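Reviewing the structure listed below.
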C-alpha cells in the first residue's frame, strides 16, 4: 500500500498530505479533529538533511498547532550510509529529530507512529520508536539489519541466523515479532480508519513497551530487570 | 623542588570497571545487579557465545567530588559494547531510578557499537527505551553527562542516545558518530569510506573533529583523571530542552548543512571554521585545540 | 559435562584445605575475544567448585588440567570459581585466575 492509498483509507479526501522529495507532510481531518501528518516514502534513507526536514516539521507543529496530534507514517531503509553525513554529525541530527518528537509529546501533542512499508534501524529509532505508540500494517517490514549484512558484521553464519529467524522473535524480521516483543502496540487489520480511531483512543502516556514485551512473552527479562534496579538497595 | 611527572592512566585502555573505580570518588560506587546476581543475556548461548555476568554494563550510584551521581559504564570489550535486552534494561532502570531518586546528575561512560546485532529486535527496542528514559531524566531537571573515550567509540543507536545528553566529554581517542566506517565501506565501497585509513576515520568521527564542530562540550586527553575533572565541571551544566533551545539547535544544524553542502572534507570544514592550518589539527595537542576554541568563543561572544 | 546449545558448560569440584575469610564476590577480566572473566564467590562446602562456560568447544580435557593444576597449587576450600570464556589460551586463563585469587583475603591460619 503506497502512502496515497494509505491516506485515502485513513482520511478519505479530507487531507492535504503531499510528497516532496520523499518527505510526506500535511494535515488531515479525523473524527472532528485536525491531525498533522509527517512521514517518509520511497524507503527513504534518513541522512542528515532528511532528519532536519522531519525535525522542522515537528517544530512547526509545536509552534503553530498547539495540542494537535501528530501521525508519523514510516517507510525508511534506515540511516543514510555516507561518510559526509557522518562528518556533519548525522547522529546529532537524528538526536535533534528524536528530541523534537519527545518535546512534542511533553507539550501535549499525542504522537502515533505507523510503519506502513519498511522501518530499519536508525531511521526507526528516532521516529516511530519515540512516538507514544507505534503500530504497523501486517505486511510491513521492520528490521535492525538484513541477514546477509548481519552475518558479515557479526561473523556468524548466515544459515544459523536464518534458522534462528524462523522461530526466534529476537531475529525474525516480521512485524508479529515486534508486536510480541512490545515494540509495536498493534497491527492494523481491516478497516484502517477504525484502527486509527482505536489506536488514538488507546495511546499510552508512559513507555509500556517492556511491560507489553513481558505480557506477550517476546521479551521476558526487560521489564523485570528494570524493576529489579528500581527495587535494589 | 623536583617535579615528578604524574602518572597518566589511559581511559581507553581501562575496562569499564577500572574507569568507574578511578573516575568516581574512591569506594563510592554501589552497584545495582552486580555480577554475582547473574542477570545475563538469554539470547547469546544459542549463537555459541558466552555471556557476561553484568551483560556488559555496570550501573549504580556513586559520588563525584562529593556530589551524588547515578552512573552507567559500558564495557566495550564485551560484544563491542552492544546494547542487548538486559544491558538496555539496566540502563533504563538506572535512568528511571534517577527520575525517582533525584541524584545531582547522571553519568554515562559510553562505549558501544549501538544495537547488539546478536539480539536484533530486542536490542533495537531497548535502545529506543534508553533514549526515552534519558530524555525523561533531562525533562525532570537533572543533567545527563556522557563521556566518550573508549577504543570502540560510541556509534549506532547509542551514538544517537549520547547526542541526547546535556553535555558530552570526549578524548581525542574517542569517536562519536552513527554508522561505523566498516559499515559504510561495506555499503558504498572503499572510495566512499576507507575504513582502514585511521587518519580519515578520526577526522570524520573523532573527538578533535567533534570538538571543533561543537558536537562535544569538552575535549580532554586520554587520561582518566582528565575525564574525572571534566565530568565534575559538567555536573551543573544543564541544558533544558525547550522549544527555544530546539529552534536554536535547528538553526545551528541547518547552518552547518548550508556551509558544507558541497561535500567539503574535514580539512576544508576546519578551514572554514577559521583554522589557518587545518592539516596540522591531527598533530596538535588537545590543549592547543582547547585554547584555539576558547579564543574563538571569545571572539564570537 | 552439560551441553548447552552453542557453548560448552563444564563443572568441576575438587577438595581443598585452605579456607578463606569471608569475602565479597570478586570479578576480574572481561569477556572479549581471547579473554575471559572470572568470578570468585564463597560457598559452603570444603571444596573448590569451578563452572566454566566457553565458546571454544571441545576443550574439556584442557580445562580439567588447568583446574587441577590450579587447585593443586592453591588448595582453596569454600570457594566457587565461575568463568565466562571466549577462547582464552591456558596462559591467559592462568593469569586471570592468579589475578582473581590475588584479591582474596588471606586464608585462615
Subset of the range B:104-162 [in contact with a helix residue (DSSP H, G or I) (Cβ under 7 Å, 6 or more places away or on another chain), facing chain A (nearest Cβ under 10 Å) and in a loop (DSSP other than H, G, I, E, B)]
B:113, B:114, B:116
Take the residues in the range A:129-149 that are more than 11 Å from the chain's Cα centre (by Cα) and in a strand (DSSP E or B), then tell me which one is modelled with the lowest pLDDT.
A:143
Tell me which residues, restricted to the range C:48-73, are within 14 Å of chain B (Cβ to nearest Cβ) and out of contact with any helix residue (DSSP H, G or I) (no Cβ under 6 Å at 6 or more places or on another chain).
C:51, C:53, C:54, C:55, C:56, C:57, C:58, C:59, C:63
Would you say residue B:166 is closer than 29 Å to residue B:85 by Cα and either surrounded by fewer than 20 Cβ atoms within 10 Å (Cβ to Cβ) or under 12 Å from the mean Cα position of the chain (by Cα) (or both)?
yes
Just to be sure I understand, how many residues within the range C:5-26 are within 15 Å of the chain's Cα centre (by Cα) and either more than 14 Å from every other protein chain (Cβ to nearest Cβ) or closer than 12 Å to residue C:80 by Cα (or both)?
8
Within the range A:161-168, does at least one residue satisfy the condition of being touching a residue at least 12 places away in the same chain (Cβ under 8 Å), buried (at least 24 other Cβ atoms within 10 Å of the Cβ) and more than 7 Å from every other protein chain (Cβ to nearest Cβ)?
no
So, in the range B:169-194, of the ones that are part of a loop (DSSP other than H, G, I, E, B) and more than 10 Å from every other protein chain (Cβ to nearest Cβ), which residue ends up surrounded by the fewest Cβ atoms within 10 Å (Cβ to Cβ)?
B:189
Taking the range A:197-233 and keeping only residues that are in a helix (DSSP H, G or I) and touching a strand residue (DSSP E or B) at 6+ places or on another chain (Cβ under 7 Å), one is left with A:199, A:200, A:229
Out of the residues in the range B:75-104 that are under 15 Å from residue B:33 (Cα atoms) and touching a strand residue (DSSP E or B) at 6+ places or on another chain (Cβ under 8 Å), state the one that is surrounded by the fewest Cβ atoms within 10 Å (Cβ to Cβ).
B:97
Has the range A:15-22 got any residue that is within 14 Å of chain B (Cβ to nearest Cβ) and more than 30 Å from residue B:267 (Cβ to Cβ)?
no
Which ones in the range A:142-160 are within 19 Å of residue A:40 (Cβ to Cβ) and either crowded, with 18+ Cβ neighbours inside 10 Å or touching a residue at least 60 places away in the same chain (Cβ under 8 Å) (or both)?
A:142, A:143, A:144, A:145
Among the residues listed as A:105, A:110, A:82, the single one being at the interface with chain B (Cβ under 10 Å from one of its Cβ atoms) and within 24 Å of residue A:202 (Cβ to Cβ)
A:105
Scan the range C:38-45 and tell me whether some residue there is under 21 Å from residue B:44 (Cα atoms), under 12 Å from the mean Cα position of the chain (by Cα), more than 9 Å from chain B (Cβ to nearest Cβ) and surrounded by fewer than 16 Cβ atoms within 10 Å (Cβ to Cβ).
no
Failed item in (1) at pLDDT below 95; (2) out of contact with any strand residue (DSSP E or B) (no Cβ under 9 Å at 6 or more places or on another chain); (3) surrounded by fewer than 22 Cβ atoms within 10 Å (Cβ to Cβ), with residue B:46 passing the rest:
(2)
Scanning the range B:121-144 for residues that are in contact (Cβ under 8 Å) with a residue 12 or more places away in the chain, farther than 20 Å from residue A:90 by Cα and in contact with a strand residue (DSSP E or B) (Cβ under 8 Å, 6 or more places away or on another chain) gives B:123, B:126, B:137, B:138, B:142, B:143, B:144
Within the group A:32, A:98, A:89, which residue is on the phi > 0 side of the Ramachandran plot and at the interface with another protein chain (Cβ under 7 Å from one of its Cβ atoms)?
A:89
Any residue in the range B:218-243 that's free of Cβ contacts under 8 Å to residues at least 24 places away in the same chain and more than 14 Å from every other protein chain (Cβ to nearest Cβ): show its pairings with residues that are buried (at least 20 other Cβ atoms within 10 Å of the Cβ) and in a strand (DSSP E or B) at Cβ separation under 9 Å, as long as the two are six or more apart or on different chains.
B:229/B:220; B:233/B:167; B:233/B:169; B:233/B:218
Scanning the range B:239-265 residue by residue, those surrounded by fewer than 16 Cβ atoms within 10 Å (Cβ to Cβ), under 22 Å from the mean Cα position of the chain (by Cα) and farther than 23 Å from residue B:208 by Cα turn out to be B:240, B:245
Residue within the range C:74-85 that is at pLDDT below 95, under 24 Å from residue B:37 (Cα atoms) and away from chain B (no Cβ under 12 Å) present:
no
Consider residue C:21 against the criteria (1) at pLDDT 95 or above; (2) more than 26 Å from residue B:80 (Cβ to Cβ); (3) out of contact with any helix residue (DSSP H, G or I) (no Cβ under 9 Å at 6 or more places or on another chain): it satisfies all of them except one. Which criterion is unmet?
(1)
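The values are calculated or read from the model by the stated rules, or taken from the named source; none is laboratory data. Owing to the predicted nature of the structure, the values given are computational and were not obtained by experimental measurement. A quick note on method: Cβ atoms are made from the backbone with ideal geometry, for glycine too, and the neighbour counts reach across all protein chains shown.
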